[in-house]
């Protein structure tokens, strides 16, 4: 299996595991970006705890699922977004106002679009979840 976008593969694996009713799942391979996205999903109560397991072959993450995700996915291409453009992308990727999150990579690190709007900074869109 070739992985051109590990973030997209991880999010689709999480969504598939949620849909079939699993309570835990494994995300492999792992990276700082994937851990950052999972941390944001955990802070917004879409996922439970996750732990990194070192197996000597690139490691993997075990993720506890809370069964709260309706849809999630990576945004391709990774659009640059300015402060004035958040509303346009919210309408495109989220089903309703104040429902769900966009994950944005900013110069101050990964954060939700809500936090980025409060800090008045733009960035690049990575993923969405609701």
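Does residue 47 satisfy the condition of being modelled with pLDDT of 95 or more and either in contact with a helix residue (DSSP H, G or I) (Cβ under 6 Å, 6 or more places away or on another chain) or more than 25 Å from residue 124 (Cα to Cα) (or both)? Reasoning before the result, please.
Details: modelled with pLDDT of 95 or more: yes; either in contact with a helix residue (DSSP H, G or I) (Cβ under 6 Å, 6 or more places away or on another chain) or more than 25 Å from residue 124 (Cα to Cα) (or both): yes.
So residue 47 fits the description; yes.
Has segment 60-82 got any residue that is free of Cβ contacts under 8 Å to residues at least 12 places away in the same chain, in the same structural domain as residue 101 (by TED's automatic domain parsing) and over 13 Å from the mean Cα position of the chain (by Cα)?
So in segment 60-82, the residues free of Cβ contacts under 8 Å to residues at least 12 places away in the same chain come out as 77.
After this cut, where a residue has to be in the same structural domain as residue 101 (by TED's automatic domain parsing) as well, the list is 77.
Within this subset, residues satisfying the condition of being over 13 Å from the mean Cα position of the chain (by Cα) are 77.
Within segment 60-82, one or more residues are free of Cβ contacts under 8 Å to residues at least 12 places away in the same chain, in the same structural domain as residue 101 (by TED's automatic domain parsing) and over 13 Å from the mean Cα position of the chain (by Cα).
Tell me, please, whether a residue that is under 21 Å from residue 12 (Cα atoms), surrounded by fewer than 16 Cβ atoms within 10 Å (Cβ to Cβ) and either at pLDDT below 95 or not assigned by TED's automatic domain parsing to the domain that holds residue 41 (or both) can be found in segment 106-127.
yes
Okay, residues lined up against (1) surrounded by 15 or more Cβ atoms within 10 Å (Cβ to Cβ); (2) part of a helix (DSSP H, G or I):
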{"site": "41", "(1), (2)": "yes, yes"}
{"site": "57", "(1), (2)": "no, no"}
{"site": "69", "(1), (2)": "yes, no"}
{"site": "73", "(1), (2)": "yes, no"}
{"site": "78", "(1), (2)": "yes, no"}
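So which pairs qualify, if the first residue must be in segment 98-123 and under 14 Å from residue 81 (Cα atoms), the second must be at pLDDT below 95 and surrounded by 15 or more Cβ atoms within 10 Å (Cβ to Cβ), the Cβ gap must be under 7 Å, and the two must be at least 6 apart or on different chains?
As it stands, the answer is none, since no pair meets every condition given.
Restricting attention to segment 1-31, report how many residues are surrounded by fewer than 16 Cβ atoms within 10 Å (Cβ to Cβ), in a loop (DSSP other than H, G, I, E, B) and free of Cβ contacts under 8 Å to residues at least 60 places away in the same chain.
9
Among 37, 63, which is the only one that is surrounded by 15 or more Cβ atoms within 10 Å (Cβ to Cβ), part of a helix (DSSP H, G or I) and touching a helix residue (DSSP H, G or I) at 6+ places or on another chain (Cβ under 9 Å)?
Testing whether each residue is surrounded by 15 or more Cβ atoms within 10 Å (Cβ to Cβ), part of a helix (DSSP H, G or I) and touching a helix residue (DSSP H, G or I) at 6+ places or on another chain (Cβ under 9 Å) leaves just 37.
The values are calculated or read from the model by the stated rules, or taken from the named source; none is laboratory data. Treat the numbers as computed from the prediction; the structure is a model and nothing was measured. Every residue, glycine as well, gets a Cβ built from its backbone with ideal geometry; the counts of neighbours run over all protein chains shown.
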